[in-house]
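Peer 1: Here it is, the structure in full.
Every number here is computed from the coordinates shown, using simple stated rules; none is lab data. Computed from a prediction, not measured in an experiment: that's the story for all the values here. We place every Cβ from the backbone using ideal geometry, glycine too, and count neighbours over all the protein chains shown.
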Amino acid sequence: MIEVKGLKKGFNGEEILKGIDATFLKGKTNMIIGASGSGKSVFLKNMLGLFEPDAGEIIYDGERLGEMEIERKSDLRKEMGMLFQHSALFDSMTVEENVMFPLRMFTKMKKNERQERANEILERVNLPGLNKKMPSEISGGQQKRVALARAVVNYPRYLFCDEPNSGLDPKTATIIDNLIQEITHERDITTVIISHDMNSVMEIGETIVFLKDGLIAWEGTNKEIFKTDNKAVTDFVYSSELFKKVRIAQNEGL
Amino acid sequence: MRFLRHIGTYMMMLLGVFKRPTKAIVLKELILKEIDDLVIGSIGITAFISLFMGAVVALQTALNLDNPLIPKSLIGFATRQSIILEFAPTFISVIMAGKVGSYITSSIGTMRVTEQIDALEVMGINPLNYLIFPKIVALAFYPFLIAIIMFIGIFGGFLASVYGNLVSLEEFVVGLQDTFIPWHVAYAFIKTIVFGFLLATIPSYHGYYMKGGALEVGKASTTSFVWTCVSIIIANYLLTQLLLT
Ligand SMILES: Nc1ncnc2c1ncn2[C@@H]1O[C@H](COP(=O)(O)OP(=O)(O)O)[C@@H](O)[C@H]1O
Ligand SMILES: [Mg+2]
């Protein structure tokens, strides 16, 4: 479980996060949603300690991130997996070396064991046979899947995904969403997913916080989000033409 | 003020490089790769340059020697002195600031803007150690490169003057062996060690702390080249003052 209390963060005098309180549950796919530029990535980077919060606390299973020694923080991070918005694959390594990297760094696994695990995970993200390619030789969507494989290969205790399926075709996006959810349940991971894709929200939004103007404007689950009257949420949800039509159809009783 | 802040951050970076080391076996591999990229990969171009520069130094000396009282052996002597004292350590380091320095800045800078450095950090790896330490170690082998360069430079001078019939082989060799001061070689290698450290760390600093996107990576490489050159030139002056006077 990760708790966020009173988190504030600004840049050059402009406040992006204005006091965020949220709880992300273990064994669940927890989502942060909000418009582009609303500060979702900044929120996540504060949780990871890549940004220093201006105020507030991030608490990992009872332990305050802000009070940790750097060594403890390193150890905690060895239990984290992160899928970056733009993949952030190591471009000097092959696909397979990228995926095996956390195993190589933090486990005593032998080369063939690492290889086996990497292949297993690459198969789960539906990417067999690309092992020896360099990141620059595969498409953006494939890079994203490799990055997800790298994030989960060592079965982390905490998994963070920044827009895991932006830039993917709907079918692959669904595969990725389902895989994240499966692994989360299977390994009891505390998973935090940033998204603005309503399909994902419907599919795997087990808990949802909605970020607007630097604050949590709404929280609930994917069952509740379509019933709420909160104007900010409905504006966000029904900004997509598809969902607008679905709603009109519902209203007309079809 | 801004300058002082840069110095401060640079010092903090150096401290960070030696903390929380990466797994030894991984580090060893990274170091070998950097030796290959930074040192061995630079032999070709620097050897080419020094062969011709040695030749030019010898030619210039020969062409300016019209006083019959000055022995021809001065050509060998002048070539040896200028190559060992300044040309190989200093001039080649400025070339290296262009070749190796911009490579280091752009590769680390690209990792910064594409969040690869963040990815390392989130995994609990110390990116400073992982990225910069192997470069410092690799460039500790830089004096070996410079030793080769010294030989090649003097060889170039020999080819130009002896085969250009400006001086006999015997006279050139007499000049080469004339008043040889071992401390001069030590001085040259002390400089080389310092320059190697500057070549590894200043470009790393410019890459690691850069902000922005692909365009800024290019700008950072240019800035990095300028500052690496300036530091080498100033360090050269200070070390010469300190060691030779
Ligand atoms: N390192 C930074 N320095 C200054 N401003 C930043 C930085 N990172 C993000 N911001 C600003 O914070 C705001 C939110 O960005 P971000 O969290 O990336 O949005 P998103 O919700 O699309 O992920 C943007 O206005 C962005 O310009
Ligand atoms: Mg974002």
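Peer 1: What is the ratio of the Cα radius of gyration of the protein assembly as shown to 2.2 N^0.38 Å, where N is its residue count, to two decimals?
Peer 2: The reported ratio for this selection is 1.27.
Peer 1: Follow-up question, since we're still on this one. Determine how many Å³ per residue the convex hull of the Cα atoms of region A:81-196 encloses.
Peer 2: Given the Cα convex hull of region A:81-196, per-residue volume reads 93 Å³.
Peer 1: I'd like the Karplus ³J(HN,Hα) series for region B:188-194: coefficients 6.51, -1.76, 1.60, θ = phi - 60°, whole numbers in Hz, and an x wherever there's a Gly or Pro.
Peer 2: 4, 6, 4, 4, 4, 5, 4
Peer 1: How big is region B:102-230 in terms of Cα radius of gyration and Dmax, in angstroms?
Peer 2: In Å, with Rg to one decimal and Dmax whole: 20.9, 66.
Peer 1: Another one. If you wrap a convex hull around the C-alpha atoms of region A:91-155 and split its volume per residue, what is the figure in Å³?
Peer 2: Cα convex hull per residue, to the nearest whole number: 73 Å³.
Peer 1: Here's something else I'd like to know. Within 10 Å of each Cβ in A:90-102, how many Cβ atoms from other chains are there, averaged over the peptide?
Peer 2: 2
Peer 1: So what's the back-of-envelope 222 nm ellipticity for chain A, counting only DSSP H runs of four-plus at -39500 (n - 2.57) apiece and dividing by all residues, rounded to 500?
Peer 2: Helix-only estimate at 222 nm: -12000 deg cm²/dmol.
Peer 1: Taking the 0 to 90 degree range and rounding to the nearest ten, how far is the long axis of helix A:111-124 tilted relative to the main principal axis of chain A, both from C-alpha atoms?
Peer 2: Tilt of helix A:111-124: around 30 degrees.
Peer 1: Past 21 Å, Cα to Cα, is the threshold; run A:Lys45/B:Lys211; A:Lys110/B:Lys23; A:Lys9/A:Lys78; A:Lys18/A:Lys45 against it and keep the listed order.
Peer 2: Cα-Cα > 21 Å for A:Lys9/A:Lys78; rest within.
Peer 1: Considering the convex hull of the alpha carbon atoms of chain A, report its projected area averaged over all viewing directions, in nm², one decimal.
Peer 2: Across all orientations, chain A yields a mean hull projection of 14.8 nm².
Peer 1: Just to confirm the number: angle between the C-alpha axis of helix A:95-106 and the first principal axis of chain A, 0 to 90 degrees, nearest 10?
Peer 2: 80 degrees
Peer 1: Can you list the HN-Hα couplings for region B:110-125, worked out from phi with the Karplus curve (6.51, -1.76, 1.60; θ = phi - 60°), rounded to whole Hz and with x for Gly and Pro?
Peer 2: Per-residue couplings from phi come out as 5, 5, 5, 6, 9, 6, 5, 5, 4, 4, 4, 4, 5, 6, x, 9 Hz.
Peer 1: If you bin the C-alpha pair distances of chain B every 10 Å from 0, what whole percents do you get?
Peer 2: 8, 28, 30, 19, 11, 5, 1, 0
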